[in-house]
Structures are given as structure tokens and as C-alpha cells.
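Worksheet for the structure shown next.
Every number here is computed from the coordinates shown, using simple stated rules; none is lab data. What you see is a predicted model, and the numbers here were worked out from it, not measured in a lab. Glycine gets a Cβ as well: all are built from the backbone with ideal geometry, and neighbour counts include every protein chain shown.
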Amino acid sequence: MILSTFYNHIADASAQNGLSLSQVAEKCLSWGITGIDIETEPYREHNNEFLTLLDAGMQLNSLPTRCDFFHHPEDLSIAMEAVEIVRKYHGKQILIIPGYLLPGDDLQKCLENCIKPIQTLVDEAAKYGIEVGMEDYDHEAYPYGRQSVMLWFMEHVPRLSCIFDTGNFLFHGEDAGAAYPLLKKYIKGQIHCKDRKLVGREGESGSVALNGKTLYPAAVGSGILPMKEIISDLLQSGYNGSFTLEFFGSADCLSDLEASAKFIHSLV
């Protein structure tokens, strides 16, 4: 089992507490958080900072990668670059974010445009032991935030995995507890542990869900989502992949990292 977190959270913890990146990394390692998830753009923009975390003893876990297969299915340049980055740093996964809807788009056509390029990425990554997965995404322009669309992708792209995000179905008005058993068999190497609260801390703006409710970040296990039930069931099923601790917009990333790690360790 690997505990990981986003580069953004480490950088925010550094800024919020006046600590160096190396000092935050040292704390993360002491709590059992060894992995880093970093998107391709932050990887390019903050490469020196990323390397600092590697030097401190952390390792690349996953590389979320944004492409626009909805509208440009022929363009695999960013996806192939992701394979090379993950290979270079001996990472384990690519999280493919395949596109977003624009006004007037035909949803079914956009989804079908994704099949060939994602399959090509899955096949190429597999040559190097790299897993490719998709997550349910919390934005109205990303239709795969809904369980039905996630299932569609799992059924149409062989060997594509589900990177189950516990907090994002709620954004679309769906129940993570109900989505989990439907997608469980596709969860292979990564899950995003995101809890939510309905009341935020000072300085937190939250994100407005499609039903109008504002959802705020929370340390894993401290919010309204069935984190204990989902994580416990996954562990009891023999899952040995990574758990990525996620709370974008947190006003206190350092304490959320520590509390989240302790919560997951308590379930093992």
C-alpha cells in the first residue's frame, strides 16, 4: 500500500506554514506518505521543486495528464510525453483526463472520439508496466464525473482502470457509496481519497456542486462521505495500490495530510 498526495498540497503546506519543501516532505515521510501525484503542467513549471521532493525521499506515484481527445483524437503528443515522464521517474500510473465538453458538443461523439487514443495510450504504457486510469471528475464540463459515463469508458477501453475519486460523484449529485460497488472491479492501482464538508474553515471558498451546495475540503475521515466503508472494503478485498490524499483548497494542508494518513493507517 502506498500513501500519496498531490504536489500542490505539499507546496501549499510549505507556504501556509513557512516550511521548506524538504521539511514538508520529511513530515510526510514520517506519516507514511511517500508518493507524489503531479500534473504535467506543474511538472513542467515546478520541475526543480519536484526534484527537491524526490531528493528528500519521496517518489512519483501518478501523473495526471490533460488531453483533448474529445475534439482532437489524433493528437497523442501529450499522452506519449506522459509515458516518457513516468518511465523516467519510475512512476506507476498515468491518470488520463481525456477532454471536456464545449457548448454545442455532441456528447456521444466526444466520448467515442476518446476510445482509440486512450486505447493506444493504455497499450503503450503497458509495455513499461505503467497503468492508465480515469477518474470521476468534479466539473460540469467533464461528463465522466457521473458513474454511468465512467462505466461506459471501463466497458469500451480494455485494461483502462478506474481511479475512483470518493468526493467527486457528490459534485454531480450522485452517491459515492452507490457508485463504488459498480466500479469496484475496475479499481486496480489508485484511489483518490477525497472527503467533503458542508462548512468550511476561514479562507476556504469551496466548490459549488451542480445542486447549488458548496462543498469544502476535509481531512480524510472527517467529512460526510463514507470513507471508512469504502477504504475498509477495498483493503479487505486485497487491494494493494495507492491512496492519494486530496483536499484542494484546504486552509491547512499540513494538518489535513497528517490526519488523513493517520485515518487510513487506522483502517489497515
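The HN-Hα couplings worked out from phi for the stretch 112-124 by the Karplus form 6.51 cos²θ - 1.76 cosθ + 1.60 (θ = phi - 60°) are 5, 4, 7, 4, 5, x, 5, 4, 4, 5, 4, 5, 5 Hz, whole numbers, x standing for Gly and Pro. Directionally averaged projected area (the stretch 172-264, Cα convex hull): 6.0 nm².
Computed over the chain, the quotient of the alpha carbon radius of gyration and 2.2 N^0.38 Å is 0.95. Global dimensions of the stretch 46-199 from alpha-carbon coordinates: Rg and Dmax equal 15.7, 48 Å.
Whole-Hz Karplus values for the stretch 80-87 come out as 5, 4, 4, 4, 5, 5, 5, 4 Hz, taken residue by residue from phi with 6.51 cos²θ - 1.76 cosθ + 1.60 and θ = phi - 60°; glycine and proline positions read x. With unit charges on the beta carbons (Lys and Arg positive, Asp and Glu negative) and the dipole taken about the Cα centre of the chain, which residue among Ala11, Asn61, His139 sits farthest to the positive side? So the residue we want is Asn61.
Positive end of the dipole of the stretch 2-267 (Cβ unit charges, origin at the Cα centre): among Asn240, Leu225, Ile36, the Cα lying farthest that way belongs to Asn240.
Would you work out which of Pro73, Leu95, Tyr128 lies farthest towards the positive end of the dipole of the stretch 62-163? Charges go on Cβ: Lys and Arg +1, Asp and Glu -1. Toward the positive end, the furthest listed residue is Tyr128. For the chain, the 222 nm mean residue ellipticity estimated from helices alone, with every DSSP H stretch of n ≥ 4 adding -39500 (n - 2.57) and the total spread over all residues, rounds to -12500 deg cm²/dmol.
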